[in-house]
Amino acid sequence: MRRMLQAHGLDAGPTQRPLLAGAISSLIADVPATALLAAFGSLNVLGDASSMPIVASGAAYGGMMVLGGLLYGWVFQRAANDPRGGWLFGLAFGFVLWMLGPIPLLQWLPEHPLLIGYPAIGVLLGHLLWGLVLGWVFPFIHRRLYAGLDPSTDKARTGPEAVTRHLRAT
């Protein structure tokens with residue numbers, strides 16, 4: 001199956017930069033997600049548990065989610081480049097990250113759960129919002145990175161663009 005997917009072009013080429021697109025998209029998605037975490041008091045609880053200020057816990061959350069954006073770009077590559085369905089990839093990915101990250105680390109491993117009530121709901125909704133925004137923004141960022149890489153003016157040597165360029169020249 002993997003060989004068939006590679007043959008049909010689902011793997012991103014070196015000029016498409018899905019990891020960079022995932023990181024930039026994640027930085028954009030961090031803003032509303034961190035605001036939601038702050039509104040639900042999740043950053044207060046995380047800051048108290050790790051004995052750091054709220055701003056530092058928000059920055060730590062943002063840094064971890066940038067790693068999640070890199071993982072998103074690496075896993076989905078060109079499949080996430082769909083503006084109509086990318087939000088669904090992102091939403092599902094945010095849910096999976098919530099299940100693999102905060103739940104085992106903050107709920108199961110300590111002696112007593114660190115997040116209960118509104119802060120726990122805030123972490124879930126923050127991850128879902130992060131994934132939704134990430135999946136929605138990723139295709140647009142990915143296209144911008146890909147379109148700006150080729151500085152040559154003669155981009156269309158093959159395909160339909162080459163035919164129309166040749167017809168316009170004559």
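The values are calculated or read from the model by the stated rules, or taken from the named source; none is laboratory data. Predicted, not measured: the structure shown is a model, and the values here were computed from it. Quick reminder, even Gly has a Cβ in these numbers, built from the backbone with ideal geometry, and neighbours come from all protein chains shown.
Any idea which residue in the range 33-52 is nearest to MET65 (Cα to Cα), counting only those that are hydrophobic (A, V, I, L, M, F, W, C) and touching a residue at least 40 places away in the same chain (Cβ under 8 Å)? Ranking the qualifying residues of the range 33-52, first place goes to ALA33.
When the helices (runs of 4 or more DSSP H) confined to the range 37-131 are screened for residues that are of a type in the set (Gly, Ala, Ser) and more than 22 Å from LEU20 (Cα to Cα), those reaching at least 3 such residues are found at 42-50. For the range 94-120, the set of residues classified as within 18 Å of GLY62 (Cα to Cα), surrounded by fewer than 18 Cβ atoms within 10 Å (Cβ to Cβ) and touching a residue at least 24 places away in the same chain (Cβ under 8 Å) consists of PHE95, GLY101, listed by residue number.
Rundown of residues vs (1) over 16 Å from ILE24 (Cα atoms); (2) at pLDDT 85 or above, yes/no style:
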{"residue": "GLY68", "(1), (2)": "no, yes"}
{"residue": "LEU71", "(1), (2)": "no, yes"}
{"residue": "ARG78", "(1), (2)": "no, no"}
{"residue": "ALA92", "(1), (2)": "yes, yes"}
{"residue": "LEU100", "(1), (2)": "yes, yes"}
{"residue": "PRO104", "(1), (2)": "yes, no"}
{"residue": "LEU109", "(1), (2)": "yes, no"}
{"residue": "PRO113", "(1), (2)": "yes, no"}
{"residue": "ILE116", "(1), (2)": "yes, no"}
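Taking the criterion of being of a type in the set (Val, Ile, Thr) and touching a Phe, Trp or Tyr at 6+ places or on another chain (Cβ under 8 Å), the only residue of the range 33-45 that qualifies is THR34. Would you mind stating whether ASP30 is more than 20 Å from LEU100 (Cβ to Cβ), in a helix (DSSP H, G or I) and among the charged types (D, E, K, R)? So ASP30 does not fit the description; no.
Within the bounds of the range 56-63, is there any residue that is within 18 Å of SER26 (Cβ to Cβ) and of a type in the set (A, V, I, L, M)? Yes, that holds for at least one residue. Here the condition is being at pLDDT 85 or above, touching a Phe, Trp or Tyr at 6+ places or on another chain (Cβ under 9 Å) and of a type in the set (Asp, Glu); of ASP30, ASP82, it holds for ASP30 alone.
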